Amino acid sequence: MNDFTGTVILFLSVMFWGGLHSLLASHPVKRRLQRGAFLGTDQSYRLAYNAFAIFSFLPVLAAIVLTPDMHLYTAGMPLVVFLVLAQLLAVLLLGIGFLQTGPLPFLGLAPADAQQGLVTSGLYRYMRHPLYTGGLLFIWCMPYMTANILAIDLALTLYVVIGAVLEEAKLRKVFGQAYIDYARRTPMFLPRLWPHR
């Protein structure tokens, strides 16, 4: 297997993982799987869903290790400083956004009704998906880039964009006009410098 073939397979494996992840998050599949005794509650489903997402990513990690790679670039000074600072900002966005959405229900460690309703304050006042923005900022500000990392970044970016569109459809169903109004005044990924009053 040459480097290019391995990189394409790696890209497709990440996309397959992302597609499966999105499918299991959809309401029809979730409701069907919740008919079982163990997955009957939203909390137990969320816990099982997160565990499956982690363990199902292990083959992708194995593919990353086993796929031949090719170095593309290493950022030099002063660019590397800018990229590392951007990654620190991304980690901050991820941490704050995660705390604002209620981490315990998200992880499946508390009942789903303990989660807040529609969150439009804090980071969510500036953008609708700060977690996705933080994740994308982190992966695209890597100071070291290889063909495999690039393939993973492209696949994850595509997965995030598709996932955000699907998530928006679910949020419109759950919150109705309140979410439609919120989406109308708040950007999806790129933050509004001055929040809507």
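So the values come out like this:
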| quantity | calculated |
| --- | --- |
| Answer residue from region 51-69, given it is among the aliphatic types (A, V, I, L, M) and exposed (fewer than 14 other Cβ atoms within 10 Å of the Cβ) and is nearest to G6 (Cα to Cα) among those | L66 |
| Lone unmet requirement of (1) modelled with pLDDT under 95; (2) surrounded by 14 or more Cβ atoms within 10 Å (Cβ to Cβ); (3) within 30 Å of Y73 (Cβ to Cβ) for P195 | (3) |
| Qualifying residue in region 112-130 (condition: surrounded by 13 or more Cβ atoms within 10 Å (Cβ to Cβ) and at pLDDT below 85) | yes |
| Condition met for T146 (modelled with pLDDT of 90 or more and over 13 Å from the mean Cα position of the chain (by Cα)) | yes |
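Let's see how each residue does on (1) in contact (Cβ under 8 Å) with a residue 40 or more places away in the chain; (2) among the aromatic types (F, W, Y); (3) out of contact with any helix residue (DSSP H, G or I) (no Cβ under 9 Å at 6 or more places or on another chain):
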residue	(1), (2), (3)
Y73	yes, yes, yes
V80	yes, no, yes
G95	no, no, no
L137	yes, no, no
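The values are calculated or read from the model by the stated rules, or taken from the named source; none is laboratory data. Because the structure is predicted, anything quoted here is derived from the model rather than measured. Positions of Cβ are generated from backbone atoms using ideal geometry, with glycine treated the same way; all protein chains shown enter the neighbour counts.
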